[in-house]
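Notes to accompany the following structure.
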Amino acid sequence: MRGFIGPGTAAGRWLGLVTAVWVQCISGNNYTFSNYSDSIKSLMGLTQLQLNNLSVAKDVGKAFGILAGLASDRLPTPVLLLIGSVEGLIGYGAQWLVVRQTISPPPYWQMCVYLCMGGNSSTWMNTAVLVTCIRNFRRNRGPVSGLLKGFVGLSTAIFTDLCSALFADDPAKFLFMLAVVPFAVCCAAMLFLRESPPSASPPGKEDEETENRYFNVINALAGVVAVYLLAFDVTGQHGQLLSRAFSVGLIVLLALPVAIPIYLWFQEARSRANGAPELDLEVRIEEPLLIENEVITATGEGEEKKQPSIGEEHTILEALRTVDFWILFMSFLCGVGTGLAVMNNMGQMGLALGYADVSIFVSMTSIWGFFGRIGSGTISEYFLKKSATPRAVWNAASQILMAVGYIVMAVALPGSLYIGSIIVGICYGVRLAITVPMASELFGLKYYGLIYNIIILNLPLGSFLFSGLLAGFLYDAQATKTPSGANTCVGAHCYRLVFVIMAFACVVGFGLDVLLAFRTKKVYLRIHSKKMSKKSLQPIKC
């Protein structure tokens, strides 16, 4: 069985990806705040601005993801998973005790700390799986990114629907799930998720087709999971028996991808039994991630390294000195910042428009976010290989579509929140899935963990600007006080100006993405040419 779990074998590499998928299924807990925010607001007697600042606190936890980025180059993957899972157990566990009323509501600042810990826990999980899997499948960064980020998007719906099926949307039990389930899954993933040494020689056409076929199988299973969740959401109330059957079926669907590494293990075992030589992956020569072109100029006092070009390996300081990094950073802010404002305020948005149960909007945003993530990762990779299309083109398309979604929600016609949640979910998913491989292609994989987490600083920054300040102040300006000391607002006017301003921000982001697409065109032409030259050099198998 050693060959099965060994990171250097094909079975071990795919088992690592499958366990990474399971980790991503439970690491999107940062997007579930709307499911229990109203309980915290009532128990603590908060205004909407105070509640939104709590949501900012959970997103500020993302800012400390820089620590996970620094640690990703120094600590093994299991340690990163352990840190994240323990931190989440403490952060969400404390919130569970408050909402369950086992303990009295703590001071406001202390509640901010608990939410910050919960938010930061997911950065350790995401960094561990993204860095490891993109390095393990570096020739398929788009599909890997889309797949993993897609399951992060689904995780909100998975938690929401399981809680609805098993616990009738009880917010205390929902928080208990957020605390315990990720801890248990990460403990299991520590056994199998490892970085594999890269191959010294390029894969043959048959190898690439086989790998693509496995990705397609997992993507198809992910699509089935998404449709399964969507069907549960749109079919209304369910009896206890049907709800439990749904829960069992969901767990079975999530377990099915493990059939791929099991199949590969049997193939490897059969090859060894037939006397085929076993490849010693431990002595493979590492292939350069990107072509380096370091120009060294002699000076009177020694040597000085020239700033690398876009598409080459960058240190974090070298990346921060480029215009392209800041264009990517600001365009990312316009997309994910506004998207987070919707996710953090979805509960109040639904109540303002007269919906008693807002969990369906949270779940739909998650499910359609999955389609955006997984679809954009695969599509962008296809057009990159076919016509050298820069990935920023897809970010630009998502920004303009997201602006349309905000206008739809601002108009507030019947059903507009359904349409808006679908559009925002898709576009938010596209933004995340495209930016992950794009950052590695522009600045390299050597310091990717840290670069990724600096870009992710947009989550707390965007949450503060669009959710904490914009949505919080404008909502409170329209709201009225309740006897508990909190406040509430009912009507389309509560968020109309918020949506209009966020639509304008997305138009700005669209312009930045178009600019970045032109600036990075040569990089993607080089990547495309390199892929084509490798294909032409592949030997013909008889």
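The values are calculated or read from the model by the stated rules, or taken from the named source; none is laboratory data. As the structure is a computational prediction, the values presented were derived from the model and not from experiment. Cβ sites come from the backbone with ideal geometry, for glycine too, and all protein chains shown count toward neighbours. Surface areas here come from the heavy atoms of the whole protein model, side chains and all, with no ligands, DNA or RNA. Shrake-Rupley method; radii C 1.70, N 1.55, O 1.52, S 1.80 Å.
Among residues of region 142-172 being among the charged types (D, E, K, R) and within 21 Å of residue 246 (Cβ to Cβ), the one that is modelled with the highest pLDDT is 170.
I'd like to know if region 177-187 contains one or more residues that are more than 19 Å from the chain's Cα centre (by Cα) and closer than 25 Å to residue 371 by Cα. Scanning region 177-187 turns up at least one residue that is more than 19 Å from the chain's Cα centre (by Cα) and closer than 25 Å to residue 371 by Cα. Out of 377, 335, 350, one residue alone is open to solvent by less than 10 Å² (accessible area, probe 1.4 Å) and either modelled with pLDDT of 85 or more or basic (Lys, Arg) (or both). It is 335. The test for being open to solvent by less than 30 Å² (accessible area, probe 1.4 Å), touching a residue at least 40 places away in the same chain (Cβ under 8 Å) and farther than 24 Å from residue 433 by Cα holds for residue 95. Of the helices (runs of 4 or more DSSP H) that lie entirely inside region 17-131, those containing 1 or more residues that are acidic (Asp, Glu) and farther than 30 Å from residue 218 by Cβ span 37-44.
The single condition among (1) in a helix (DSSP H, G or I); (2) at pLDDT below 90; (3) open to solvent by 40 Å² or more (accessible area, probe 1.4 Å); (4) not aliphatic (A, V, I, L, M) that residue 510 does not meet is (2). All told, residue 436 meets the bar of being closer than 21 Å to residue 374 by Cα and in contact with a Ser or Thr (Cβ under 7 Å, 6 or more places away or on another chain).
Selection of region 388-431 for residues being farther than 15 Å from residue 375 by Cα, open to solvent by 20 Å² or more (accessible area, probe 1.4 Å) and either touching a Phe, Trp or Tyr at 6+ places or on another chain (Cβ under 8 Å) or among the β-branched types (Val, Ile, Thr) (or both) yields 389, 400, 404, 407, 408, 411, 418, 419.
Has region 353-361 got at least one residue that is within 30 Å of residue 518 (Cβ to Cβ), in a loop (DSSP other than H, G, I, E, B) and of a type in the set (A, V, I, L, M)? The answer is no, given that none of the residues of region 353-361 is within 30 Å of residue 518 (Cβ to Cβ), in a loop (DSSP other than H, G, I, E, B) and of a type in the set (A, V, I, L, M).
The single condition from (1) small (Gly, Ala, Ser); (2) under 30 Å from residue 440 (Cβ atoms); (3) surrounded by fewer than 23 Cβ atoms within 10 Å (Cβ to Cβ) that residue 356 fails is (2).
Within region 386-424, the residues that satisfy the criterion of being part of a helix (DSSP H, G or I) and of a type outside the set (A, V, I, L, M) are 386, 387, 394, 395, 398, 399, 405, 406, 416, 418, 420, 421.
Of the residues 172, 165, 157, which single one is assigned to a helix (DSSP H, G or I), in contact (Cβ under 8 Å) with a residue 60 or more places away in the chain and crowded, with 24+ Cβ neighbours inside 10 Å?
Among 172, 165, 157, only 157 is assigned to a helix (DSSP H, G or I), in contact (Cβ under 8 Å) with a residue 60 or more places away in the chain and crowded, with 24+ Cβ neighbours inside 10 Å.
Residue 481 meets the conditions (1) modelled with pLDDT of 80 or more; (2) open to solvent by 10 Å² or more (accessible area, probe 1.4 Å); (3) of a type in the set (D, E, K, R) in every case but one. The failed one is (1).
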